Amino acid sequence: MTAQSLVQKPSSSHQTKTQKRPTMQHPLFGIALHRWIRLVQHNRGVGRRYRGRALFITLVSMCTAPARVLCSFLYRRKITQTPLQHPPIFIIGHWRSGTTYLHELLSQDPQFGYLSLWQSLLPDSFLVLNPLKQFLARFLPAQRPMDGIKVAMDSPYEDEAALAVLYPWSFFHCLHFPQNAEEQYQKAIHFSGLAQEEKQQWKATYQTLLQTVTYASKGKRFLSKNPPNTARISTLLELFPQAYFIHIYRNPYKVYLSTQKMRRRVVEALGLQEANDEDLETQVVRNYVRLMQSYFEQKKNIDPKHLVEVQYEELTANPLEQIQRIYTAFHLPGLQEALPAMQRYLDQQAEYKTNVYSIDKQIIDQVKKNWEFTIDLWGYDPPS
């Protein structure tokens, strides 16, 4: 692969010459070099403005290669022999619907293991790189770009970040490579266009990821948070037939505004190509429809006793009441012991203010036109 094949000519986009040069840091720095090269090739190269990020990923990938080899040598057999003694719990729901809040609240219970931000960055080498955790934390921003939530290396994170490091098709790659977002979305979330062998590879990759985290957490029940899994229920049940699911949903009007904002901010912070505002907006509208329709079609495959649906507004108004409902429905032990830690988390979150959006009639009409099937189902009105 030549240097020219890694770089694209600038295209029309929301980027302008007056913007500051992008930062070099990037969460793909833990990717294996051969995966990184194929990823760039499959996604139409890297834009000229983002060569610094590509160089950063390449150099760190090369430096961490010995750790991946050593990790495989030391832990591969132990990981493959690690059983998932407890059925995992999957928190699902469209992006910006409250999945992070619910995940962090439930993760205060010590009975749960979860993928941390640190583990998501180096999913196939973190077991031997733990001594370098604090040093590598310097290469991360202090807050998430989409909502200002503080970033901590040991905090719960979404599975898709690790999958983006381990597998060529991921929703995160829609944001890294916005010019190939449609192919990434279809293959990563709906498995549309994937060969059977590729889908089996995804299943094996995800299975190993859960085993790795379970091994690291000494056998704790895995608590997952991953919005793309909202449309992968049938496949997840093939892997984990007794899995539990918590679906959280939120006012679609606010989801639309928050997702639009998130998409632009993340593409600016993590993108490796120029992006077009109109394309981003179209993707938000279309992907919501596809994701939620897939959820409604597949949720019938879940044992009703293994599914709880939570309204975001009720969760934020009465969080412990909703947590009690989840524990009761799933017959989970240990709530009383976990309540003090959960309350401390809630007290800390009291100072956090969610984003405030203005909404005009044009946006209301657009959301109503395209997402009416969830608006009517859940009985939401436009925000005032």
When you check GLU160 against the structure, is it modelled with pLDDT of 95 or more, among the charged types (D, E, K, R), in a helix (DSSP H, G or I) and under 16 Å from the mean Cα position of the chain (by Cα), yes or no? yes
Of all the residues that make up the range 61-108, how many are more than 30 Å from GLN260 (Cβ to Cβ) and under 14 Å from the mean Cα position of the chain (by Cα)? 0
Taking the condition of being crowded, with 19+ Cβ neighbours inside 10 Å and farther than 22 Å from ALA317 by Cα, how many residues in the range 85-108 meet it? 3
Name the single residue that is modelled with the highest pLDDT among those in the range 329-374 being in a loop (DSSP other than H, G, I, E, B), of a type outside the set (D, E, K, R) and under 22 Å from TYR249 (Cβ atoms). LEU332
In the range 58-83, anything surrounded by fewer than 18 Cβ atoms within 10 Å (Cβ to Cβ) and more than 30 Å from MET24 (Cα to Cα) is listed as PHE73, LEU74, ARG76, ARG77, LYS78, THR80, GLN81, PRO83
Collect the residues in the range 188-240 that are buried (at least 18 other Cβ atoms within 10 Å of the Cβ), touching a helix residue (DSSP H, G or I) at 6+ places or on another chain (Cβ under 8 Å) and basic (Lys, Arg), keeping them in residue-number order. LYS225, ARG232
Looking at the range 45-57, I want the residues that are surrounded by fewer than 18 Cβ atoms within 10 Å (Cβ to Cβ) and have a partner that is of a type in the set (Lys, Arg) with Cβ atoms under 9 Å, at least 6 apart or on another chain. Which pairs are those? ARG48/LYS9; GLY52/ARG21
Taking the range 109-145 and keeping only residues that are over 30 Å from LEU332 (Cβ atoms), at pLDDT below 85 and within 20 Å of the chain's Cα centre (by Cα), one is left with ALA137, PHE139, LEU140, PRO141, ALA142, GLN143, PRO145
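This table checks each residue for (1) modelled with pLDDT of 95 or more; (2) farther than 15 Å from GLY93 by Cα; (3) charged (D, E, K, R).
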{"site": "CYS174", "(1), (2), (3)": "yes, yes, no"}
{"site": "GLN200", "(1), (2), (3)": "yes, yes, no"}
{"site": "SER217", "(1), (2), (3)": "yes, yes, no"}
{"site": "THR230", "(1), (2), (3)": "yes, no, no"}
{"site": "LEU237", "(1), (2), (3)": "yes, yes, no"}
{"site": "ASP277", "(1), (2), (3)": "no, yes, yes"}
What tally of residues in the range 1-60 results from selecting those that are within 26 Å of the chain's Cα centre (by Cα), at pLDDT below 50 and among the polar types (S, T, N, Q)? 2
Test GLU321 against the stated conditions and say whether it is of a type in the set (D, E, K, R), at pLDDT 95 or above and touching a Ser or Thr at 6+ places or on another chain (Cβ under 8 Å). no
Residues (crowded, with 18+ Cβ neighbours inside 10 Å and over 23 Å from SER61 (Cα atoms)) located in the range 163-187: GLN179, ALA181, GLU183, TYR185, LYS187
Restricting to the range 83-114, name every residue that is of a type outside the set (A, V, I, L, M, F, W, C), in a loop (DSSP other than H, G, I, E, B) and within 24 Å of ARG290 (Cα to Cα). GLY93, HIS94, ARG96, SER97, GLY98
Does ALA341 satisfy being of a type in the set (A, V, I, L, M, F, W, C), out of contact with any strand residue (DSSP E or B) (no Cβ under 7 Å at 6 or more places or on another chain), more than 19 Å from ILE233 (Cα to Cα) and surrounded by fewer than 11 Cβ atoms within 10 Å (Cβ to Cβ)? no
Within the range 307-328, of all residues that are farther than 17 Å from ASN251 by Cα and hydroxyl-bearing (Ser, Thr, Tyr), the one surrounded by the fewest Cβ atoms within 10 Å (Cβ to Cβ) is THR328
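The values are calculated or read from the model by the stated rules, or taken from the named source; none is laboratory data. Quantities reported herein were computed from a predicted structural model and do not represent experimental measurements. Virtual Cβ from ideal backbone geometry, glycine too; neighbours counted across all protein chains shown.
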